[in-house]
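Asker: The structure's right below; bear with me while I get my questions together.
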Amino acid sequence: QYPELARSSLSSEAGSSAGGEQPKFTAYTAGRHVLVKFAANDDGAAAQRWRELLICEGLALEAVQAAGIPAATSRSLRVEGYQFLEVERFDRIGERGRKALLSLMAIDNEYLGHEGKGSTWTSAARYLLERQSISDEDARRIRWLDTFGQLTGNTH
């Protein structure tokens, strides 16, 4: 099923509402909402690099979990030459429900006044902690994730 959805996703003009440059689609499977990123099934260097990055992204999520920080559950699949990274969505409830979320960037832009001008997760967390809007533990986790993101080249 995923190879067919990948081919359909690549030929569609709609694209995913989820940001990023990696091709992806959403699915509801085995009672779970998932975001599925994929790399093409060709032998080119670019496709090989994307396949490796998807595997590394899954390992990065495991590293975050191992550090005691909640992270999305994922699994890697290789089907018909495609590399898939299936990531369970944390913003869904049941078959059709959604959790309300605000990104740290949205909070930063609207309430902290940085409007995307060089603010980092760490600086936003510091500001929120000073105003007692988040706990010490939340600030620590945000700093850890910010540093981890910088070290792994995932800063968006």
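We did not get these values from a lab; they are worked out from the coordinates using the rules stated. Note that the structure is predicted; figures quoted are calculated from it, not measured. Here the Cβ is made from the backbone with ideal geometry for all residues, glycine too, and neighbour counts use every protein chain on show.
Asker: How big is the chain by Rg and Dmax over its Cα atoms, in Å?
Answerer: Taking only Cα atoms of the chain, I get Rg and Dmax of 17.5, 52 Å.
Asker: If amide H atoms are built 1.01 Å from N in the plane of the peptide, which residues on other chains or at least 5 residues away come under 5 Å of the amide H of residue 134?
Answerer: 129
Asker: Here's something else I'd like to know. As a footprinting exposure proxy, order 127, 28 by other Cβ within 10 Å, with the fewest listed first.
Answerer: 28, 127
Asker: Throw me the Rg/Rh for region 104-151, computed over C-alpha atoms with Kirkwood Rh, two decimals.
Answerer: With Rh from the inverse mean 1/r over Cα pairs, Rg/Rh is 0.95.
Asker: May I pose another question? Determine, from the Cβ-Cβ distance of residue 77 and residue 150 and an R0 of 25 Å, the FRET efficiency 1/(1 + (r/R0)^6), rounded to the nearest 0.05.
Answerer: Efficiency at R0 = 25 Å is approximately 0.30.
Asker: Follow-up. Please order 135, 74 by the number of other Cβ within 10 Å, starting at the fewest.
Answerer: 135, 74
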